[in-house]
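First the structure, in the form of structure tokens, and then the observations on it.
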Amino acid sequence: MDNVEVYFNDPTYEIIWDHDGYSYGQGSPGGENPNQASPTTTTTYTVNMSNGTNSCSASVVVPVRYPEIVITDNTTDPLSICAGDCVDFDIDAVIVTSPAKEPTYSNGEISPLVGLENIDLSGLLCTDFGGCTCSDGSTVGFFEQCPSLFPATFEMNINIEDLNTSMLMDGELTNVCIGDAFILNGDFSPFEVSLLCPGGSSIVLANVGDLSGTTLFGACFDLNATTPISGGSSPYSGVWQPVEPLTNLTGCDPNGVWTMQFTGYFDVGGISDILNLPNGFFNGWNISFDDPPIEYPATVSWDPLTDVTGGNTSSPTICPSSPGTYTMTVEDANGCVSEQVPYSIDFDSCCVDPGNCDDLDCNNGVESWDGASCSCVSGTPPNTDCD
């Protein structure tokens, strides 16, 4: 592994690693430990800092995970064959360094509605006798007020760092769920609900006007749902189809900060409107994935290689000249793990061609070959062969 570095900005201290006793020397600020560590199991490395009177320590855990060999044998040919025939192996052998998983990530914090708490109406009133042009392009007369829509948002993040996939594929983002949200002095109808992935791409889960009522509880937007949330009612507990499909985020790097966001705009025309502005809280959400494994093809070899075509693949063709055992060895590229699988190929005696059987003739009866000799099932000998 690459060694961690340690720095301690106090010239009176000595810094010493526990595992190998390495010291940077009295007064040294630290740096990289030059002795390479090669743990074979998950190991905690601790460094101690001391000036002879006071001391402290810090530790780092280095997880060690061995790759897993996964062998899938799809061979359909029998391993008992006629002499001169071949076996076509169809085997998949991969090294899995991180298995597939279906994780759910959550944030249970409470987020208040923000944006409406410090509204400043100054500048909205036209004091020009000739009228004014507002920021939205509209015009108003003297002492009239420009339109005054102010945004309000709920927003909450989830930081993800351990997904196997580095780019979302279709079907890997499976659902997102709202824990609990409520509004006072109004309802949810002015709000659009959206999901932002790391990097900034986003999708709309619910449009303005899709929601009503003052409460959301356990509302989930699912990959396979077919009912839009506009067809539901408060508190919208259940599974709903998002306005824009979750697959629209395909291509996004899922490791990073995800954001669930409610955004609404409110017209504030004066003090009375300010006194009746909505407020509320957003209490938690979660997001789930179908995360594929990290895997790569295994290194494969066969022994013996006699009569083997494709001996460095997991799907060779073997045409044995005699019965025998062929062993497939599977290992990862670094030689950390390996596995041997023997395959015994036999010759079926019933396949042996009886040839001429001493001029056996069953006189229009039925001949039978038992794998070793001919005999008459009906009729009587002699004269002619039994094949």
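The values are calculated or read from the model by the stated rules, or taken from the named source; none is laboratory data. Note that this is a predicted model, so its numbers are computed, not measured. FYI the Cβ positions are ideal-geometry reconstructions off the backbone, even for glycines, and counts take in every protein chain you see. Heavy atoms of the whole protein, side chains included, go into the accessibility calculation; ligands, DNA and RNA do not. Shrake-Rupley method; radii C 1.70, N 1.55, O 1.52, S 1.80 Å.
From the list Asp222, Asp162, Asp187, Asp170, which residue is among the acidic types (Asp, Glu) and over 31 Å from the mean Cα position of the chain (by Cα)?
Checking each option against the conditions leaves just Asp187.
I'd like the residue in region 255-282 that is of a type in the set (S, T, N, Q) and surrounded by fewer than 18 Cβ atoms within 10 Å (Cβ to Cβ) and, out of all such residues, is modelled with the lowest pLDDT.
So, considering only residues that are of a type in the set (S, T, N, Q) and surrounded by fewer than 18 Cβ atoms within 10 Å (Cβ to Cβ), the one modelled with the lowest pLDDT is Ser272.
For region 314-338, which positions are touching a residue at least 24 places away in the same chain (Cβ under 8 Å), in a loop (DSSP other than H, G, I, E, B) and either open to solvent by 70 Å² or more (accessible area, probe 1.4 Å) or of a type in the set (A, V, I, L, M, F, W, C) (or both)?
Scanning region 314-338 gives Cys319, Pro323, Ala333, Cys336, Val337.
Tell me which of these Ala181 doesn't satisfy, since it passes every other one: (1) under 22 Å from the mean Cα position of the chain (by Cα); (2) part of a strand (DSSP E or B); (3) surrounded by 16 or more Cβ atoms within 10 Å (Cβ to Cβ).
(1)
Determine whether Gly311 is more than 30 Å from Gly179 (Cβ to Cβ), buried (at least 16 other Cβ atoms within 10 Å of the Cβ) and modelled with pLDDT under 95.
yes
With the requirement that a residue be open to solvent by 40 Å² or more (accessible area, probe 1.4 Å) and either among the charged types (D, E, K, R) or touching a Phe, Trp or Tyr at 6+ places or on another chain (Cβ under 7 Å) (or both), what does region 62-81 give you?
Once the filter is applied, which keeps residues that are open to solvent by 40 Å² or more (accessible area, probe 1.4 Å) and either among the charged types (D, E, K, R) or touching a Phe, Trp or Tyr at 6+ places or on another chain (Cβ under 7 Å) (or both), region 62-81 yields Arg65, Glu68, Asp73, Asp77, Leu79.
Show the residue pairs that are 6+ apart or on different chains and have beta-carbon atoms under 9 Å apart, the first residue being within region 204-218 and at negative phi, the second being hydrophobic (A, V, I, L, M, F, W, C) and exposed (fewer than 15 other Cβ atoms within 10 Å of the Cβ).
Thr214/Leu184
When only residues in region 25-61 that are touching a residue at least 24 places away in the same chain (Cβ under 8 Å), part of a loop (DSSP other than H, G, I, E, B) and within 38 Å of the chain's Cα centre (by Cα) count, which is surrounded by the most Cβ atoms within 10 Å (Cβ to Cβ)?
Asn33
Any chance you could count how many residues in region 283-308 are open to solvent by 70 Å² or more (accessible area, probe 1.4 Å) and over 31 Å from the mean Cα position of the chain (by Cα)?
The total comes to 3.
Tally time: how many residues in region 137-157 are of a type in the set (Ser, Thr, Tyr) and closer than 11 Å to Phe266 by Cβ?
The total comes to 1.
Kindly indicate whether any position in region 119-142 is in contact (Cβ under 8 Å) with a residue 40 or more places away in the chain, more than 30 Å from Ala333 (Cβ to Cβ) and open to solvent by 50 Å² or more (accessible area, probe 1.4 Å).
Within region 119-142, none of the residues are in contact (Cβ under 8 Å) with a residue 40 or more places away in the chain, more than 30 Å from Ala333 (Cβ to Cβ) and open to solvent by 50 Å² or more (accessible area, probe 1.4 Å).
Could you list all residues from region 212-237 that are in contact with a helix residue (DSSP H, G or I) (Cβ under 9 Å, 6 or more places away or on another chain) and at pLDDT 95 or above?
Ala219, Phe221, Asp222, Tyr236
Mind checking whether some residue in region 230-248 is among the small types (Gly, Ala, Ser), crowded, with 20+ Cβ neighbours inside 10 Å, touching a Gly at 6+ places or on another chain (Cβ under 9 Å) and not in a loop (DSSP other than H, G, I, E, B)?
no
Among the hydrophobic types (A, V, I, L, M, F, W, C), modelled with pLDDT under 95 and surrounded by 12 or more Cβ atoms within 10 Å (Cβ to Cβ) - does that describe any residue in region 196-203?
no
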